[in-house]
Amino acid sequence: VHGKGPRQKMAKLWVRGELFDHGVFPCPTRFSTANIVENFSQLRRLTSNNVLHRDTWMQFAQTSTFALTDEEANLYFDTFSIFETADYSQQSFDVRAFSIFILLQTYSLQKHSVPAVDKHQFDATWPLTSTERVASGAANALSPHSSPSTSPLNSPRSRVQFRSGEESHRLAFVRQNLRVLLRLVSSAPTSEEVSLTAEEFDVLGILVQGGDSSQGMRPLLSSFATFYSNPSLGFKVHESLIADWMLKHVAWNETTYPSFPLSSLSPVKSPRDFHVGTPREMSSHKEGQPLVLNGLVRDTILQSSTDLRGCDVHIVNCSESVIYIAANSRFVSVLGCKDILVVVGTASGVVTVDFCERVTVTTACRCFRIGNSQDCSVNVACSLRPIIYGDSWGLVLGPHNAHYPQLRDQIQRAGLRLTETAVSNWARPFIMTKTIAEPAPYQHHTSFTLLEPEKFAPLAVPTLEAFDMMDTGSRPSTRHELLFLPAEYEVALKKQETAVLALQRLVEDSHMSDEQKKLAQHVTQGHFREWLVSSGNVRQLVDLIRLDQERLKGSER
């Protein structure tokens, strides 16, 4: 949302980090600077007043040198819409802003040089072709049920270290391509030199913004530039003056996009960035600031009640932890994590999981992406088809399975449009360079499988409101409607419930003596305790009890 407002006193420009985190796909061969400039110059001639309609883009993307499939063209258009508007029905956008989004697809951290010792390790671990996997002894490389290799060097998290300092790479990308960006928004993209009106310059606001925050009304980019103080309609400024000014003022916004340690191969040395084993309730999170959970180990985090709408969440380099965020958010990143459970109530934008191992994620969002990850489970309800990219193996996709009392209201406040068709999107992922139009039930794929109905289990999310009810002597309901459950999964779940009820009746009708009932109860509890320990849930249970006790002590002070 942009507002005109008065001219800004001080130039403070920054790059939108969420475009790189959630909008860039690893398809460097699809686009180049040259074909983007040339193709969008042609596409501009097919539009009126620079308004690009979906139908126009779809036809052009397939017939131009972009040579995209119908599914790929839709993917880029839909993803771009997330960063432009919350209106699902909008089917047209500024073609100039869209060209900037496509130019971002040429960004790749792999193009940057790395030290020789690290580069050898990088080349040896990713990406590997199917032939290379088999040759390296990974006999189960093509199995969706297991990771391609048990070598630590083949771990997705071992590659996270190469994203360290990525903020500087992103800023360098914008600086290096500044002249191209200015040409794309100008009236003559293929010209050697261009001059821009204030209106054309403001189109760059899709990538570069000004002010102190990404929240609320954002000033137009031209309001920061003194050379656009001339109110004359059509007044133009030469690209060299604009470029020099932007190179001087554009920087990384550490407040909105904080940096954090990313190397998973070395311990996090700062005590502030490494947290072990103390359950925490995050309701003290500052409004408008991103929520960053970095370096958690054997931890339990509970975020509820506080509305994170408009804020981002970063879950980075965590292991053996449970994270409940029963609240609204905007963009969510799960990066370089291992053996964790993440529940995100709603995300009005994108949830991206990257470089993770054995991570379980449950969320309702507008778009879900997972890449460069292995042996992860995803239970999702999303407006768009989920996207799988990069070197991903052993993924299991299932329908949304979380429930808590506030979920339905949070979905409405997040503006998610989860229609009957959209709810089934979880079973139709888009594989970069490949598509699955109508998969056979629970079919096997080299990257993923669909969760079988008999293995589906609902997930009850603990909330602070439930703790409050227990504090007053009330017993919160453990049964809440699963909002997005397909019919076959509902049937399977009812069979499980029927089996439990039948077992309870069998015990009740068994005419056992009191001593036998006590023995049966003792055996049942023993098996349950064994399951708590073997599954790792005993620590989570102890953490939640401790968290509730700390809340009670705090209320007594």
### Task
Take the stretch 38-74 and flag every residue that is assigned to a helix (DSSP H, G or I), surrounded by fewer than 17 Cβ atoms within 10 Å (Cβ to Cβ) and out of contact with any strand residue (DSSP E or B) (no Cβ under 6 Å at 6 or more places or on another chain).
38, 41, 42, 54, 55, 56, 58, 59, 62, 63, 70
### Query
What number goes with the only condition from (1) touching a residue at least 12 places away in the same chain (Cβ under 8 Å); (2) assigned to a helix (DSSP H, G or I); (3) closer than 24 Å to residue 463 by Cα that residue 485 does not pass?
(2)
### Query
So, of the residues in the stretch 78-96 that are outside any loop (DSSP other than H, G, I, E, B) and among the aliphatic types (A, V, I, L, M), which turns out to be nearest to residue 382 (Cα to Cα)?
82
### Query
Can you spot a residue in the stretch 260-273 that is under 31 Å from the mean Cα position of the chain (by Cα), of a type in the set (A, V, I, L, M, F, W, C) and at pLDDT 85 or above?
no
### Task
Answer yes or no as to whether residue 351 is part of a strand (DSSP E or B), surrounded by 24 or more Cβ atoms within 10 Å (Cβ to Cβ) and within 9 Å of the chain's Cα centre (by Cα).
yes
### Query
Can we say residue 487 is within 38 Å of the chain's Cα centre (by Cα), at pLDDT 80 or above and surrounded by 11 or more Cβ atoms within 10 Å (Cβ to Cβ)?
no
### Message
Of the residues 556, 530, only one is farther than 30 Å from residue 382 by Cα, acidic (Asp, Glu), at pLDDT below 75 and open to solvent by 100 Å² or more (accessible area, probe 1.4 Å); which?
### Response
556
### Query
What is the one condition in (1) outside any loop (DSSP other than H, G, I, E, B); (2) modelled with pLDDT of 85 or more that residue 517 does not satisfy?
(2)
### Task
Answer yes or no: is there a residue in the stretch 12-21 that is open to solvent by 60 Å² or more (accessible area, probe 1.4 Å) and charged (D, E, K, R).
yes
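So that you can scan it fast, the table gives a plain yes or no per residue for (1) closer than 19 Å to residue 452 by Cα; (2) assigned to a loop (DSSP other than H, G, I, E, B); (3) open to solvent by 10 Å² or more (accessible area, probe 1.4 Å); (4) free of Cβ contacts under 8 Å to residues at least 12 places away in the same chain:
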| position | (1), (2), (3), (4) |
| --- | --- |
| 365 | no, no, no, no |
| 370 | no, no, no, no |
| 381 | yes, no, no, no |
| 405 | no, yes, yes, no |
### Query
Looking only at the stretch 322-376, which residues are among the polar types (S, T, N, Q) and either closer than 23 Å to residue 391 by Cβ or modelled with pLDDT of 95 or more (or both)?
333, 352, 360, 362, 363, 372, 373, 374
### Query
What residue, of 86, 61, is in contact (Cβ under 8 Å) with a residue 12 or more places away in the chain and in contact with a Gly (Cβ under 6 Å, 6 or more places away or on another chain)?
86
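The values are calculated or read from the model by the stated rules, or taken from the named source; none is laboratory data. Treat the numbers as computed from the prediction; the structure is a model and nothing was measured. Positions of Cβ are backbone-derived with ideal geometry, glycine not excepted, and every protein chain shown enters the neighbour counts. Heavy atoms of the whole protein, side chains included, go into the accessibility calculation; ligands, DNA and RNA do not. Shrake-Rupley method; radii C 1.70, N 1.55, O 1.52, S 1.80 Å.
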